[in-house]
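Working notes for the structure below.
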Amino acid sequence: MSFSALNTAAAGLKTTQAAIGIVSQNIANVGTTGYVKRSLDTVAQGPGNSGVAIGTINRVFDENSVKQLRLETSGASYTSMMADVRTQLDKLYGTPGTTSALDGVMNSFTLALQTLGAAPDSAPARSAVVAAASNLATKIGSIAEGVQSLRTATESQLSNDTSAASGLLSSIAQLNVKIAATSDDGSKVALLDQRDQALNSLSGYLDVQASVQRDGTVTVMTNSGMTLVDRASAASLSFGGRGTLGPEDSYSADPAQRGVGTITATTPGGGTIDLVASNAIRSGSLAAGIELRDTVLPQAQRQLDDLAAGLSRSLSDTSAVGTPASTTTGAGFDIDLTGLSAGNAITVSLKDDKGAQRNLILVPSKLNPPAAVNRTDVADPLATIVPFTLESDPAKLGASIAAALGSSFTVTSNGTVGKEGAVRILTPANGATTIQGISASVTQSKTADDVTNGKPQIPLFVDGGGQARLFTGSFDGGSQLTGFAQRIAVNPAVAAKTESLVKMSSSTPANDVSRPQYLHNALTTANRTFSAASGIGGISAPFTTSVQDFTQKIIDAQGAATATAQFLDEGQSIALATAQSRFAGTSGVKIDEEMSKLVGLQTAYTANARVLTAARDMLDTLLRI
C-alpha cells in the first residue's frame, strides 16, 4: 500500500508540475498576438485507475469564433481601404461652397459671364471671363490628375498586398508540413498558433476559409471556391503592375488590351488563373483595391471627362432637334445637321410595335471605314451604335446616313429646310418601328481659331493635348472624351482676342450682349445629356441637366459616397471588435482565471507532497522494525 501511495503521489506531483508549466506559459503570453490559451489534459492509469499521467496539451479554441474573426477581418480591410481612398477622393473637389472648390470655381466662371453680359464692352470684364475659364479648366484638370494619382497608388498597393498574400500562402503550406511531421504536443501547438496567425493575416488581404484535415494540415480556399493551399502545396500569387496609370489605362481579360495589372495565381502544377477576371476575390484589401482602381476611380474620371465635355460643347455646339415629317410611304423627322463634325452623335429615338423604346446612335467619323465606338463612351450604353463615314461633301450626308442605317429607314437630303446638311429620316408607314424623335449636338466652328463664326456659339474651351483642337467627341484615333478632363484648356485664340467673347463677327457691335448671354444661359439653364457611365442619376440611362447643375451633382454624389463608405467602415469596425472580443473571450488568456488555476495547482502540489511524505514515513517505519 505504501509503495502504491508513493507512486501515485509522485505521478500527481509530475502532472501538477506540468500543469503549472502550462499556466505559467499562459500568463507569460498575456497580450501576445496570435497566442491561444493552452490547457493540459490528464489521464487515469494504473490498477483500478488509481494513478494519473500527463495527457495532451490542447489549445482552448472555438472554431466558430475564428471563422467569424476572419470574416470580419476581411470585411474591415475592405471597408477601411474604401473609406480611406473615398475620403482622399472627396478632398480633391474641395469643401463645397468655398471659392476654391469645384462648385465655387464654376460659380465664379458663370458670374464672370453674367458680369460680361452687363458690360460687354468692358475689357476687364472680358479678361475676367478668360481668367475664370482658365481657373475652371485648371481645377478640373488638377482633380483628374489627383484621381489618376489615387489609381496609381492603388495599383502599387495591390502589388504590395499580392506579394504579402503570396508569402503567407507559402508560409501556411510550410507550417502544414511541420505540423504533420511533429508529434510533440508543445511544439505542435506553437506551430498551430503560427499557422492560425498567418491565416488571420491572410484574411486581411482576401476572403478565405480554412478546412482542417485529419493529419492536422489545412486546406485554404477563397469563398468563391478556389483552392489556394492544399496541405504542402500552395498557389503563388503575382501582380503585373503597370506603374503610373492614365485615364486610358483600364482592365481587360485580354492581356493585349489590358492597361493595368492583374492578380495571377499559379498552381503547383503550373496552371495560371486570372483572379480578377474570374472574380475570385470578393473581400479584403485586394478586393477593395480592384474595385477602386477599376470601378470607383474610373467613374470619377468619367464624371470629370463628361463635365469637361459638357462645358466645352455647351458653348461651342448648337442643339439640333428634328421636326416631324411624313409622306405617303412613311413618317419620321427632318433635322438640320449642317456643320456636323466627327463625333457629333445623332440620337434617333425609336419605339417598336410592342411599345418598347430604345435609342439608335449614329456616330460620324472622318475615317473609312469609320472609327470603332466603345459603347461606354456614348450617352446611352444600351443604345444601338452605328458608326458612319462623314464625307467631305455636305451634300452626301444623307447618302452616308442611309448607307449606315440600311433598308429599314429612308434617308434623303431635304432641301426644303434650306440648309446643306438638312436630312429627312423616315420609317415605313406600316413598319413595326416608328421614330419618336431625332436630336444632335452640332459643333458650329470648323477649327479652334474660328471664334468669330457669326453665331453665338464659340469654342472657348478646346482640347489642349498638344496643338489646341476642337472638342467634338470624335472617336477618330481613339475616344477624344477619355482623359479630356486632363487636357481641357482655354482656347488660345480667345485668350489672345478677348473681344471675341462679344463679337460674333466683324460687324457685331462692341456692346452686343447676345453672345455673353448665350454663353451664360448655355451653362446655367440649357439642358445637356450626360452619359450613364458617369453614374449621376443611375448607370443604366443618360442624365439630362445643365452643366452648372451637373457640377453640383458630381460633388453631391462624391460626398454621399464618401459618407456611406465611412459609415460602413465604422459599422464594420464595430463588427470586427465584437469578433475579436468573442475570440479573446474563448481563446485569450485571462490573468484572474490563470491565477485561480495556479492557486489550485499549488494546493494540489502541496497535497501530493504531503502524501509522498506520509508514504515515505510509513516506509521508514517498516524498515526500522
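Every number here is computed from the coordinates shown, using simple stated rules; none is lab data. Nothing here was measured: the structure is a model prediction, and the numbers come from that model. Here the Cβ positions follow ideal geometry from the backbone for every residue, glycine too, while neighbour counts run over all protein chains shown.
Quick rundown of the values:
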quantity: From phi via Karplus (6.51, -1.76, 1.60), per-residue ³J(HN,Hα) for segment 305-316 in Hz, x at Gly/Pro; calculated: 4, 5, 5, 4, 5, x, 4, 5, 7, 5, 9, 9
quantity: Expected 222 nm ellipticity per residue - DSSP helices of 4 or more, -39500 (n - 2.57), all of the chain, to 500; calculated: -16000 deg cm²/dmol
quantity: Top positive-direction residue, dipole computed over the chain with Cβ charges, set 310, 558, 480; calculated: 558
quantity: Peptides 459-470, 368-379 ordered by average Cβ neighbours within 10 Å, highest first; calculated: 459-470, 368-379
quantity: Net charge of neighbours whose Cβ lies under 10 Å from the Cβ of residue 74, counting Lys and Arg as +1 and Asp and Glu as -1; calculated: 0
quantity: Range of Cα positions in segment 301-437 per principal axis (Å), largest first; calculated: 48, 36, 29
quantity: The chain: angle of helix 63-92 to the longest principal axis, Cα-based, in degrees nearest 10; calculated: 30 degrees
quantity: Projected label distance in nm at residue 174 and residue 42, using a 7 Å step from Cα toward the beta-carbon; calculated: 4.0 nm
quantity: Whole-Å semi-axes of the chain's equivalent ellipsoid (Cα gyration tensor); calculated: 76, 27, 18
quantity: Potential lengthening between residue 274 and residue 429 on full extension [0.36 nm per residue; Cα-Cα distance subtracted]; calculated: 50.6 nm
quantity: Cβ-defined net charge surrounding residue 209, 10 Å radius [Lys, Arg +1; Asp, Glu -1]; calculated: +1
quantity: Relative contact order %, the chain, counting alpha carbon pairs below 8 Å whose residues are six or more apart; calculated: 19 percent
quantity: Neighbourhood charge, 13 Å Cβ-Cβ cut-off, centred on residue 388 and excluding it, Lys, Arg +1 and Asp, Glu -1; calculated: 0
quantity: Cα centroid of segment 493-556 to Cα centroid of segment 209-241, whole Å; calculated: 56 Å
quantity: Residues of type aspartates and glutamates that residue 366 reaches as a straight line, Cα spacing below 12 Å, ignoring anything fewer than 8 places off in the same chain; calculated: 391, 393, 476
quantity: Peptide ranges 498-506, 352-360, 205-213, 481-489 listed from the most packed, as the mean C-beta count within 10 angstrom indicates; calculated: 481-489, 205-213, 498-506, 352-360
quantity: Extension reserve of the residue 407-residue 160 stretch, reckoned as 0.36 nm per residue once the Cα distance is removed; calculated: 83.3 nm
quantity: Shape category assigned to segment 46-204 from the gyration tensor of Cα positions, a/c cut at 1.5; calculated: prolate
quantity: Segment 336-416 shape via C-alpha gyration tensor axes, a/c threshold 1.5; calculated: oblate
quantity: Candidate lysines - alpha carbon under 26 Å from residue 37, same-chain residues fewer than 8 apart omitted; calculated: 14, 67, 178, 188, 590, 597
quantity: Relative contact order [Cα under 8 Å, 6+ residues apart], segment 153-303, whole percent; calculated: 27 percent
quantity: Rg and Dmax of segment 153-303, Cα atoms only, in Å; calculated: 17.1, 62
quantity: The chain - charge dipole about Cα centre, Lys and Arg +1 at Cβ, Asp and Glu -1, debye rounded to 20; calculated: 600 debye
quantity: Under 19 Å from the Cα of residue 91 - aspartates and glutamates, other chains or at least 8 residues apart; calculated: 103, 145, 305, 556, 569
quantity: Ranked by how many other beta carbons lie within 10 Å on average, peptides 159-167, 554-562 from highest; calculated: 159-167, 554-562
quantity: Cα gyration tensor shape for segment 390-530, rounded if a/c is under 1.5, else prolate or oblate; calculated: prolate
